[in-house]
Amino acid sequence: MGGETNTDWAGPLAGIRVLDFTRVLAGPSASLALADLGAEIIKIEPPGSGDETRTFPPMRDGESHYFLAINRGKKSIVIDLKSEEGVALAKDIAGKCDIVIENYRPGVMDRLGLGYEALSAINPRLIYCAISGFGMTGPLKDRPSFDIVLQAMSGALSVNGDPDGLPTKLGIPLGDLVGGINGPTAILAALHERHATGRGRLIDISLMDGLIGMLGYIAQLAFFNGEDPKRQGSQHPNLVPYGIFPAKDGSIVAACLTNSFWGRICRALDMSEYTEDPRFDSLEKRRDAREEVNELVSVRTREKTVEELSARFEEHHVAYAPILGVTEALAQPQAVARGMVVEAQHQTLGSIPIVNRSIRFPEDEQPIPNAPPALGQHTGEILADILELPPERIEQLRVAKVVA
């Protein structure tokens, strides 16, 4: 790397326009990922309260924490899709877009006249990403889904929690957020393909498929053993020691991936005599002696504070971490150095802190993301600049309550 960075660079998806029919979390997380990469996101919201998450408490001056969290860098236009004129406007905008994303139940967009067949007939280059709980096919395709439902049905919930208690929902709503991972991945692949074919395509993203795909080695373990993997709490099914250990003033995470890490942990905790102990000198032996190994480690960690353990683990290159609360995590030196929290100007709230993009391109620096939009903030701009409607036509649409 060398030379000056370009601070006016929107990102690698600059020039790509996305028509965003999504609401709540799974779909908006997908369009957020594209916004972070520099795409222009036009978020269509219904009249009245807009995206449902605009009403989710807690609120500040009428703005929801939930909506603010997942809609940075987007533009909001209010269109009544229950009216013929509103559907016609949406179609006109789709004709000038590269990508459409929606996360309604299968069939809803077709009934509105805004499904893939209708929009691709207008714009054959359009990439249309449909995100739903169970996908466009199968016996559950019409069933409503929420994050906890998807966690339960994918098997993810069954392996999370304390071994002696009930399964515990993941704190992060991964059942929904997987849409923000698989959706953009498929869209970017389809964009690449379009360079060769000149045509877009339909993408079918099932959130349950996505969570099943994330089972990874847990699924393979079930294939190997022919039985359900057991809940391990914060521990690993095959790696020991691995998890949360008590300290004099709290607790700390430490992880042993290989025998070399076992030696590092032993030296850090002044128990080097166990490094070559034949009872614990392999992954399999430590796994089979899980309770004994964990107790050996816990006895030593209880003798020191989290700060003292951190210093010892740092010295001996152990994989470790203090357990930070969210506010502490956002303020930690690494997050500050990476600029993970920035100030953005919101139309209603003024200057607000928001989480920054999590992907960086060192040779160029993207500007700070725009704050999440107020409801309908960009309606006039989109109608005038993209559809090139004259002021009198825009006013007619407002009076008729087709737009707001």
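Against the definition (under 19 Å from the mean Cα position of the chain (by Cα), crowded, with 24+ Cβ neighbours inside 10 Å and outside any strand (DSSP E or B)), how does Ala69 come out, yes or no?
Numbers: under 19 Å from the mean Cα position of the chain (by Cα): yes; crowded, with 24+ Cβ neighbours inside 10 Å: no; outside any strand (DSSP E or B): yes.
So Ala69 does not fit the description; no.
Is there a residue being in contact with a Pro (Cβ under 7 Å, 6 or more places away or on another chain), buried (at least 22 other Cβ atoms within 10 Å of the Cβ) and outside any loop (DSSP other than H, G, I, E, B) anywhere in region 76-99? Yes, because at least one residue in region 76-99 is in contact with a Pro (Cβ under 7 Å, 6 or more places away or on another chain), buried (at least 22 other Cβ atoms within 10 Å of the Cβ) and outside any loop (DSSP other than H, G, I, E, B).
Take the conditions more than 21 Å from the chain's Cα centre (by Cα), among the polar types (S, T, N, Q), surrounded by 14 or more Cβ atoms within 10 Å (Cβ to Cβ) and within 30 Å of Gly95 (Cβ to Cβ) and apply them to Gln396. Does it pass? So Gln396 passes the test. For Ala219, the conditions (1) touching a residue at least 60 places away in the same chain (Cβ under 8 Å); (2) assigned to a helix (DSSP H, G or I); (3) in the same structural domain as Asp176 (by TED's automatic domain parsing) are fulfilled apart from (3).
Counting the residues of region 306-318 that are touching a strand residue (DSSP E or B) at 6+ places or on another chain (Cβ under 7 Å) and farther than 18 Å from Pro333 by Cα gives 3. Note on region 54-66: among residues that are in a strand (DSSP E or B) and not polar (S, T, N, Q), the one that is surrounded by the most Cβ atoms within 10 Å (Cβ to Cβ) is Glu63. Only a single item in (1) part of a helix (DSSP H, G or I); (2) crowded, with 18+ Cβ neighbours inside 10 Å is not met by Tyr104, and it is number (1).
Sort out for me the helices (runs of 4 or more DSSP H) sitting completely within region 289-340 that have 3 or more residues that are surrounded by 14 or more Cβ atoms within 10 Å (Cβ to Cβ), at pLDDT 95 or above and not basic (Lys, Arg).
On the way: elements: 290-301, 306-315, 326-331, 333-337.
Ranges flagged: 290-301, 306-315.
For His192, the criteria (1) over 21 Å from Lys141 (Cα atoms); (2) in contact (Cβ under 8 Å) with a residue 12 or more places away in the chain hold in every case but one, which is (2).
Filter region 39-88 down to residues that are of a type in the set (Gly, Ala, Ser) and under 18 Å from Gln345 (Cα atoms) and give me whichever is modelled with the lowest pLDDT. Explain how you work it out, then say what you get.
Here is the first cut: in region 39-88, the residues of a type in the set (Gly, Ala, Ser) are 39, 48-50, 62, 64, 69, 73, 76, 83, 86, 88.
Filter once more, keeping what is under 18 Å from Gln345 (Cα atoms): 62, 64, 69, 73, 76.
On the way: Gly62: 92, Ser64: 95, Ala69: 96, Gly73: 96, Ser76: 97.
This residue is Gly62.
Among all residues of region 30-52, there is at least one that is surrounded by fewer than 20 Cβ atoms within 10 Å (Cβ to Cβ) and in contact with a strand residue (DSSP E or B) (Cβ under 8 Å, 6 or more places away or on another chain).
Looking only at region 107-135, count how many residues are hydroxyl-bearing (Ser, Thr, Tyr), within 19 Å of Ile16 (Cβ to Cβ) and assigned to a strand (DSSP E or B).
Taking region 107-135 first, the residues hydroxyl-bearing (Ser, Thr, Tyr) are 116, 120, 128, 132.
Subset that is within 19 Å of Ile16 (Cβ to Cβ): 116, 120, 128.
Subsequent filtering for residues that are assigned to a strand (DSSP E or B) retains 128.
So the answer is 1.
Residues in region 162-220 that are of a type in the set (S, T, N, Q) and under 23 Å from Ser234 (Cβ atoms): Thr168, Gln220.
Of the set (1) farther than 18 Å from Leu283 by Cα; (2) in a loop (DSSP other than H, G, I, E, B), all apply to Gln235 but (1). Looking only at residues of region 341-367 that are over 18 Å from Phe67 (Cα atoms) and of a type outside the set (D, E, K, R), we find that the one that is surrounded by the fewest Cβ atoms within 10 Å (Cβ to Cβ) is Pro362.
Taken over region 192-211, residues that are farther than 17 Å from Tyr104 by Cα, hydrophobic (A, V, I, L, M, F, W, C) and surrounded by 17 or more Cβ atoms within 10 Å (Cβ to Cβ) amount to 1. Kindly list, by first and then second residue, each pair from a residue in region 282-305 that is more than 17 Å from Gln235 (Cβ to Cβ) to a residue that is at pLDDT below 95 and of a type in the set (S, T, N, Q), limited to pairs with Cβ atoms under 8 Å and residues at least 6 apart or on different chains. Once the first residue is more than 17 Å from Gln235 (Cβ to Cβ) and sits in region 282-305, its partners that are at pLDDT below 95 and of a type in the set (S, T, N, Q) give Ser282/Asn259.
The values are calculated or read from the model by the stated rules, or taken from the named source; none is laboratory data. All figures in this text were calculated on a predicted structure; none of them were measured in a lab. Cβ coordinates were reconstructed from backbone atoms using ideal geometry, including for glycine residues, and neighbour counts include every protein chain displayed.
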